[in-house]
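Shown next, in structure tokens, is the structure this report addresses.
The values are calculated or read from the model by the stated rules, or taken from the named source; none is laboratory data. What you see is a predicted model, and the numbers here were worked out from it, not measured in a lab. Cβ placement follows ideal geometry from the backbone for every residue including glycine, while neighbour counts extend to all protein chains displayed. The protein model used for the area step is the full one, side chains on, heavy atoms only, and it has no ligands, DNA or RNA in it. Shrake-Rupley method; radii C 1.70, N 1.55, O 1.52, S 1.80 Å.
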Amino acid sequence: MRTIIEPFKIKMIEPIKMTTRQQRQAILQKAGYNPFLILAEDVLIDLLTDSGTSAMSSEQWAAMMRGDESYAGAKSFVRFESVVKSLTDLRHIIPTHQGRAAERILFSAIGGPGTVIPSNTHFDTTRANIEHSGATATDLIDPRNTDPVVKGDFKGNMDVPALERLIERVGSDRIPLVMMTITNNATGGQPVSMGNLKAVHQVCQRHGIPMFIDAARFAENAWFIKQREPGYGQCSLAEIAHEAFSLAQGVTMSCKKDALVNIGGFLALNDDDLAMKCRSALILTEGFPTYGGLAGRDLEAIAQGLVEILDEDYMHYRIRSVEFLGERLLQAGVPIFEPPGGHAIYLDARRFLPHIPPQRFPGQALMAELYIEGGVRTCEIGSVMFGRYDPDGKFVGAANELVRLAIPRRVYTQSHIEYVVEVVVGVFERREAIRGLKFEYEAPVLRHFMSTFAPE
Ligand code: F0G
């Protein structure tokens, strides 16, 4: 196979400040071994998130210049609405400032005490917004799919028999909707098959429950369906996306991922009454229904981004580049969540640093070493984020100890990816000498953002 080339040229660059290992050691120590507390300027390759970090195209910047900033009924809204409508075939298109705003508005309208919202796996903000409304958020993923070493083409799928059992147990009247997250960010960035979407849709239809899609990475998911699911090899990404959305009665989307923009989101619905309720809630905190907390220029950039994301040359490069990173790490013996996800590679810190117990945070320790080794910033998804204490005050570790290397879209080149491989392998070679971390300051909530650590 030939070298993966980026199907774009670079017209504007943003310098990266180079640092030495010694400087990084001092920076990390000052930040309490928490890369969230490091300034972006001190990072060489920032893999903290793929959200809102995309590079926009010349066409997106040109569209921004055409932004119509009228308060009501702006031309930019009309363009945005028409692109989202033709993609989703849903009637009501409600812009929001990002994905979680769409979630908050939706669940404040239809969640509430006594209701249950199942998903293949909810993303954290979706779960938090559901729980904030008083409802219960339930993940219905087959436990085999959360095992990092189990192979599978569609490890993001929902466990359909578990959905049927849940409906039987709680009753369909208490389930206002079923949410399908594509791709499944909280489960290794793994895709969901069309077969699974159809099966869930059928169960929902039988029980009169609407199926919704969290479409943050819908185009990456469509690419996996095209590559892996029989019958879809000849379909375009647009056709596959269209078929997936045709099964949904509603969509929430963080446009900060697969719409290739730095800010934005939307809620799309068919139900007229629900749309009316959501628009009223929108006006309260986001803005008038034709801008929803965004500038006209943002709506233009989203409309253009949603067209560009379905370009197959782009998506081929995108997914291949992430897969290449995963392959190289596996070749060097580095344990990762397999197979590689769409937007990220997740290192398995439990197997990477088997001598560090959960209460000494192997993921956090690995994240710190990746920064020291090469200035690469990543995100721990393990016992710092999800660990808790039982009623006796005993620490209970998270189900998995992962470190996410999320790849921003169109930002880093193939040589940056090769550099990341070298950095991870460099840390892997000296893994036995790496020690765990203990809390210096333990933040009472959202520990991963604000806590500081010290070597044990
Ligand atoms: N849904 C999914 C699947 C997500 O991954 C995210 C955000 C959201 C909803 C919320 O969207 O950030 O626009 O409010 N994920 C980011 C991440 C933060 O790093 O994975 P938002």
Is it fair to say Ala199 is touching a strand residue (DSSP E or B) at 6+ places or on another chain (Cβ under 9 Å), more than 21 Å from Arg127 (Cβ to Cβ), in a helix (DSSP H, G or I) and in the same structural domain as Phe77 (by TED's automatic domain parsing)? yes
Within the set of pairs 6+ apart or on separate chains, which have a first residue in the range 210-223 that is closer than 23 Å to Thr115 by Cβ and part of a strand (DSSP E or B), a second that is within 10 Å of the ligand (Cβ to nearest atom) and aliphatic (A, V, I, L, M), and C-beta atoms under 9 Å apart? Met211/Met179; Phe212/Met179; Ile213/Met179; Ile213/Ile182; Ile213/Met253; Asp214/Met179; Asp214/Ile182; Asp214/Met253
How many residues of the range 33-50 are surrounded by 19 or more Cβ atoms within 10 Å (Cβ to Cβ) and in a loop (DSSP other than H, G, I, E, B)? The answer is 7
Filter result (surrounded by 19 or more Cβ atoms within 10 Å (Cβ to Cβ) and either among the charged types (D, E, K, R) or modelled with pLDDT under 95 (or both)) within the range 432-446: none
Only one of (1) polar (S, T, N, Q); (2) within 12 Å of the ligand (Cβ to nearest atom); (3) open to solvent by 30 Å² or more (accessible area, probe 1.4 Å) does not apply to Ser119, and that is (3)
Being of a type outside the set (Gly, Ala, Ser), away from the ligand (no atom under 16 Å from the Cβ) and in a helix (DSSP H, G or I) is the filter here, so list the residues in the range 224-243 that pass it. Ile225, Lys226, Gln227, Arg228, Leu237, Glu239, Ile240, His242, Glu243
Regarding Pro176, is this residue more than 28 Å from Glu338 (Cα to Cα) and outside the structural domain of Arg404 (by TED's automatic domain parsing)? yes
Residue count, the range 63-88 (criterion: aliphatic (A, V, I, L, M), in a helix (DSSP H, G or I) and surrounded by 13 or more Cβ atoms within 10 Å (Cβ to Cβ)): 6
For Ala248, which of the numbered conditions (1) open to solvent by 40 Å² or more (accessible area, probe 1.4 Å); (2) farther than 27 Å from Ser58 by Cα fails to hold? (1)
Out of the range 280-303, which residues are part of a helix (DSSP H, G or I) and surrounded by 21 or more Cβ atoms within 10 Å (Cβ to Cβ)? Leu282, Gly296, Asp298, Leu299, Glu300, Ala301, Ile302, Ala303
